[in-house]
Every structure is written in structure tokens, then in C-alpha cells.
């Protein structure tokens, strides 16, 4: 999960906690933190110990193209970009790299 937050009031924390509570293994990614909820936090998707099946973004809409580029390098086939974390340029990059991007749908509501 790219853009995870340690701040329990932020959407980036809510999505992280919801995924964990539903039993998903989540690698938190945010260069600002060493760990979140006792889990090591990684600087970038490139730094993960294994290739994720799906990447969820909750990062600001200023960085989604870079996230898609990193995912393409890793061979990630699906990215979930909730409202506020995607851009038209990111969608285009995903299409160019044959990455399925689910966008503008809140993951928290989709799970509940």
C-alpha cells in the first residue's frame, strides 16, 4: 500500500487498517515512516521483499505516474487508486504497460 499513514485520522491509515483487519497481508510504503502498526514501512514499492499481486495507492494525486512506473518495473498487474490518488496520466501509463487500474472507487467501502 503506497502512501500509508501512521496518523489514525487519515484515509491512508483507514485503508491500511481495513485491509489488515480483513486478513490481507499489507506492505506499508511511505518514505516518511520506519514502521506503522509494528510493520516495517518501505520507502518505495521497489524496496518490497517480494512482488505484490496488487498495489493500493493512497498517495497524493501528484505522484501516481511514478507509482505506475515503479509497478511496471516490478511486473505488478493491478493497481487500485481510490478517489484523489489517480490522474489521467497515471491511467494512460497503466494502459501503456498493460496494468489494470481500478480508480475512483473507495477500497474501504468496497470491502465493507
- prompt: Hey, among the residues in the range 37-47 that are at pLDDT 95 or above and crowded, with 16+ Cβ neighbours inside 10 Å, which one's farthest from residue 70 (Cα to Cα)?
  reply: 41
- request: Would you check if residue 106 is touching a residue at least 24 places away in the same chain (Cβ under 8 Å) and surrounded by fewer than 19 Cβ atoms within 10 Å (Cβ to Cβ)?
  value: yes
query: What is the number of the single condition among (1) surrounded by fewer than 16 Cβ atoms within 10 Å (Cβ to Cβ); (2) over 20 Å from residue 26 (Cβ atoms); (3) at pLDDT 95 or above that residue 78 does not meet?
result: (2)
task: Residue by residue through the range 49-67, note down the ones that are surrounded by fewer than 18 Cβ atoms within 10 Å (Cβ to Cβ) and under 11 Å from residue 1 (Cβ atoms).
output: 54
query: Among the helices (runs of 4 or more DSSP H) confined wholly to the range 1-107, which include 2 or more residues that are under 12 Å from the mean Cα position of the chain (by Cα)?
result: 11-21, 64-74
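The values are calculated or read from the model by the stated rules, or taken from the named source; none is laboratory data. A quick note: this is a predicted structure, and the numbers were derived from the prediction, not measured. Cβ atoms come from the backbone with ideal geometry, glycine included; neighbour counts cover every protein chain shown.
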